[in-house]
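The values are calculated or read from the model by the stated rules, or taken from the named source; none is laboratory data. In this text the structure is predicted, and so the values were computed from the model without any measurement. When we count neighbours, we look across all protein chains shown, and the Cβ atoms used for this are built from the backbone with ideal geometry, even at glycine.
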Amino acid sequence: MSSLTATVIKRYSNPAQGARPVQPLPHARLHDLRHVHATTLLLAGVPVHVVAARLGHADPSITLRAYAHVIRTAEASAAEIFAQAIGE
């Protein structure tokens, strides 16, 4: 875990002033936060090429390979929405 990430997590979970949060933040690496960011965007329907640009991937195919499982989940949701829309 980067020292900046560790510091932010510790400050949130154990504030110098005020009450502690009900749910402290778990241990996380900066890479974990990057993965959560990309996954959240893809599940929200942000186009792959936009997510790829935000991650600094030179080609969206890199993003597609890394996050294929997320994209398949989103595709299944889209299929369910379409089926409901046409009355299936």
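Here are some notes:
- Just one of the numbered conditions (1) under 29 Å from S77 (Cα atoms); (2) in a loop (DSSP other than H, G, I, E, B) is not true of S61: (2).
- Cβ-Cβ under 8 Å pairs, at least 6 apart or on other chains, the range 3-30 side closer than 24 Å to L55 by Cβ, far side among the basic types (K, R): T5/R29
- Residues that are part of a helix (DSSP H, G or I), in contact with a His (Cβ under 8 Å, 6 or more places away or on another chain) and at pLDDT 90 or above do not occur anywhere in the range 26-34.
- Candidates are the residues of the range 1-25 that are part of a loop (DSSP other than H, G, I, E, B) and among the aliphatic types (A, V, I, L, M); the one that is farthest from H57 (Cα to Cα) is A19.
- Residue check for R54: basic (K, R) and modelled with pLDDT under 95: no
- Check on A78, free of Cβ contacts under 8 Å to residues at least 12 places away in the same chain, among the hydrophobic types (A, V, I, L, M, F, W, C), loosely packed, with under 12 Cβ neighbours inside 10 Å and assigned to a helix (DSSP H, G or I): yes
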